[in-house]
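Reading through the structure tokens given below for one structure.
The values are calculated or read from the model by the stated rules, or taken from the named source; none is laboratory data. A quick note: this is a predicted structure, and the numbers were derived from the prediction, not measured. FYI the Cβ positions are ideal-geometry reconstructions off the backbone, even for glycines, and counts take in every protein chain you see.
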């Protein structure tokens, strides 16, 4: 049978693939050992951190503005409820006065 050549080919493929991974790892290790690459990597990380911090500060500012807006809307709502209550009370009082006057007119 032809199982022996197939097994040899599979082993060869596995060997090639594993050697590729080892070779890439060695290149990455060599790049990490280079001081210039390490500095560049640190600069990139510092820039990323600065951008993240700016984004967070911007989001905090937006949240604060939204909280202030919510407080303002709540005050307006309370004011409207108070005004509505006053108008409702005044309407009820005026209705009662009208009813009393109508009863007095009927009695006369």
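What pairs come up if the first residue lies in the range 68-79 and is free of Cβ contacts under 8 Å to residues at least 60 places away in the same chain, the second is part of a helix (DSSP H, G or I) and surrounded by fewer than 10 Cβ atoms within 10 Å (Cβ to Cβ), and their beta carbons are under 6 Å apart, counting only those six or more places apart or on different chains?
none
Among the candidates 94, 50, 31, 102, single out the residue that is in contact with a helix residue (DSSP H, G or I) (Cβ under 8 Å, 6 or more places away or on another chain) and either modelled with pLDDT under 75 or assigned to a helix (DSSP H, G or I) (or both). Spell out how you get there, then give the answer.
Values: 94 fails: in contact with a helix residue (DSSP H, G or I) (Cβ under 8 Å, 6 or more places away or on another chain); 50 fails: in contact with a helix residue (DSSP H, G or I) (Cβ under 8 Å, 6 or more places away or on another chain); 102 fails: in contact with a helix residue (DSSP H, G or I) (Cβ under 8 Å, 6 or more places away or on another chain).
Exactly one residue qualifies, and that residue is 31.
List the number of the failed condition for residue 36; all other conditions in (1) at pLDDT 85 or above; (2) surrounded by fewer than 10 Cβ atoms within 10 Å (Cβ to Cβ) hold.
(1)
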